[in-house]
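One structure below.
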Amino acid sequence: MRPNSIYKPHPAIAYGQTVVRNLEAKHGKSVAEFTTELEAVPVAERAKYLKLTYHLGASAAGNLLSAINGELNGEFYDPDADVESMFGGRREWMRPIYDEILSFVLSLGEDVWVSPCQKFVPFYRGQKFAEIHSETNSRLRIYVLIDQDFMGFGPVPPRIDKYNACRDLNSVADIDDDVRSALRRAYELKAGARFPWGTASTD
């Protein structure tokens with residue numbers, strides 16, 4: 001990640017870090033020690049070796065191997081580049097809208113966690129409460145998880161099963177009181193929520 005980025009490591013990275021820390025504690029070995037041990041094992045056989053030797057499941061073995069490959073330190077995750085790519089070219093008109101949404105969401109509380117992906121940006125408060133999708137060159141859409149109907153929000157397409165309301169955003173002016181209220185309510189509903197593996201960490 002870039003220095004001074006406003007974004008945080010994707011929760012999947014934090015999850016992997018937590019899994020690996022638990023494995024180190026359980027087996028009394030550091031990642032460096034696992035790395036040394038696996039040097040004699042062909043790359044294609046390493047997951048099987050970990051399963052047979054340490055009784056690791058596929059997920060645990062995969063996270064440990066990712067740590068060994070340096071993929072859990074965030075080195076290969078560049079959310080700023082993902083955002084620049086997402087809102088570049090013919091979708092450049094979306095960037096001011098996204099920036100306004102991002103600014104508002106971050107103002108909701110210090111516990112907001114923003115981790116852009118290549119095609120959308122999710123917002124977390126322990127769990128996801130909203131996402132903004134650059135779906136086509138002409139459609140930018142905000143999805144929220146709220147407990148009641150909000151004026152101006154419509155039904156969510158069947159392929160999106162995490163949220164119950166959405167709205168197209170065509171300009172900064174579309175970020176009105178309804179949108180802000182929906183985002184604030186979605187954020188409030190996640191009070192006390194935690195990532196499934198506990199508090200995400202950048203350690």
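Derivation of every value follows stated rules applied to the coordinates shown; laboratory data play no part. Everything numeric in this text was worked out from a predicted model, so none of it was measured. Quick reminder, even Gly has a Cβ in these numbers, built from the backbone with ideal geometry, and neighbours come from all protein chains shown.
Results, tabulated for the structure shown:
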read-out	value
Per-residue ³J(HN,Hα) for region 11-19, Karplus 6.51 cos²θ - 1.76 cosθ + 1.60, θ = phi - 60°, Hz, x for Gly and Pro	x, 5, 5, 4, 4, x, 4, 5, 4
Sorted by Cβ density within 10 Å, fewest first, the residues Trp93, Trp113	Trp93, Trp113
Per-residue Cβ neighbour rank within 10 angstrom, fewest leading, Phe195, Phe129, Phe123	Phe195, Phe123, Phe129
Sequence-distant residues sharing a close amide H with Phe195 (under 5 Å, placed H)	Ala200
Cα→Cβ-extended label distance, 7 Å offset, between Lys51 and Ser138, nm	4.9 nm
Non-local Lys pairs in region 1-155, i.e. 8 or more apart or on different chains, that have alpha carbons under 20 Å apart	7
Efficiency of FRET between Phe104 and Asp147 - r from beta-carbon atoms, R0 30 angstrom, step 0.05	0.95
Order of Ile142, Ile97, Ile6 - criterion: other Cβ atoms within 10 Å of each residue's Cβ, fewest first	Ile6, Ile97, Ile142
Among Val144, Val105, Val43, residue whose mean-square fluctuation peaks in a GNM of the chain (springs only between Cα atoms under 10 Å)	Val43
Additional length obtainable on full extension of the chain from Ala44 to Glu71, 0.36 nm per residue less Cα span	8.0 nm
Reachable aspartates and glutamates from Lys162, criterion Cα separation under 17 angstrom, eight or more residues apart if same chain	Glu131, Glu135, Asp147, Asp149, Glu188
Relative contact order, percent, region 11-68 [alpha-carbon distance under 8 Å, six or more residues apart]	47 percent
Estimated [θ] at 222 nm from DSSP helical runs (n ≥ 4, -39500 (n - 2.57)) normalised by residues in the chain, nearest 500	-12000 deg cm²/dmol
Gain on full stretching of the segment that runs from Ala12 to Ala58 - 0.36 nm per residue minus C-alpha separation	15.0 nm
